Every structure is written in C-alpha cells, then in structure tokens.
Amino acid sequence: MVDGDLTSRAEDALERHGPCDTWTVSADLFGDLESIHILHGPGESYAHLEHLERAGTVVREGTDYRLADGVADELATGDEQRWELEY
C-alpha cells in the first residue's frame with residue numbers, strides 16, 4: 001500500500017476492477033471527463049499507476065495493470081485507516 005490520496009484510490013480501483021487499463025482507472029478516479037480533461041485524467045492515472053509499479057504494489061501486463069500478489073490482503077488490513085469518498 002502506497003500513501004497518497006489518488007495513489008491509494010488507484011490501488012482501490014484495481015482492487016475493485018481487477019486487471020484493467022489506464023482508461024478504466026481514470027474513469028474510476030475522475031468519472032466522465034470532457035474537453036481537455038479527457039487527456040489530463042488518463043495522464044494522471046498513468047503517472048500514479050507507473051509510480052505504483054515502481055513501488056512494487058502494481059504489476060503491468062501489456063496495457064493492463066493489476067495489484068501485485070499480496071497487495072489486496074494488505075489493502076484489506078488498512079481499511080480502518082481509510083474513509084469512504086463521497087462523490
């Protein structure tokens with residue numbers, strides 16, 4: 001588990017969706033995007049996913065990312081330290 005609000009939310013998105021691409025994580029983090037934000041949201045999601053990959057909590061397989069082995073268990077034990085985001 002890596003600290004940082006959007007980084008943690010990217011981990012949560014992968015936990016919910018399973019292996020998925022940057023676009024799916026972006027939609028989970030930011031919802032429907034319009035105009036120039038269509039490029040910024042996925043770009044930011046990509047940066048967080050790459051950070052997580054370097055940290056060893058995410059594995060990239062082709063264009064999809066997934067949680068590394070054991071990370072889902074670690075996230076589950078940290079649930080009491082997180083709060084539900086309201087949209």
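Kindly evaluate Ala55 against the criterion of being of a type in the set (Gly, Ala, Ser), closer than 17 Å to Asp5 by Cα, at pLDDT 90 or above and within 12 Å of the chain's Cα centre (by Cα). Explain how you work it out, then say what you get.
Values: of a type in the set (Gly, Ala, Ser): yes; closer than 17 Å to Asp5 by Cα: yes; at pLDDT 90 or above: yes; within 12 Å of the chain's Cα centre (by Cα): no.
It is false that Ala55 is of a type in the set (Gly, Ala, Ser), closer than 17 Å to Asp5 by Cα, at pLDDT 90 or above and within 12 Å of the chain's Cα centre (by Cα).
Of the residues Glu50, Glu34, which is out of contact with any Pro (no Cβ under 8 Å at 6 or more places or on another chain), at pLDDT 85 or above and of a type in the set (D, E, K, R)? Let's see the steps before the verdict.
On the way: Glu34 fails: at pLDDT 85 or above.
When all the criteria are applied, what remains is Glu50.
Which residue is nearest to Val71 (Cα to Cα), if the candidates are limited to the range 21-58 and must be assigned to a loop (DSSP other than H, G, I, E, B) and hydroxyl-bearing (Ser, Thr, Tyr)?
Residue satisfying both the conditions and the ranking: Thr57.
The values are calculated or read from the model by the stated rules, or taken from the named source; none is laboratory data. Because the structure is predicted, anything quoted here is derived from the model rather than measured. FYI the Cβ positions are ideal-geometry reconstructions off the backbone, even for glycines, and counts take in every protein chain you see.
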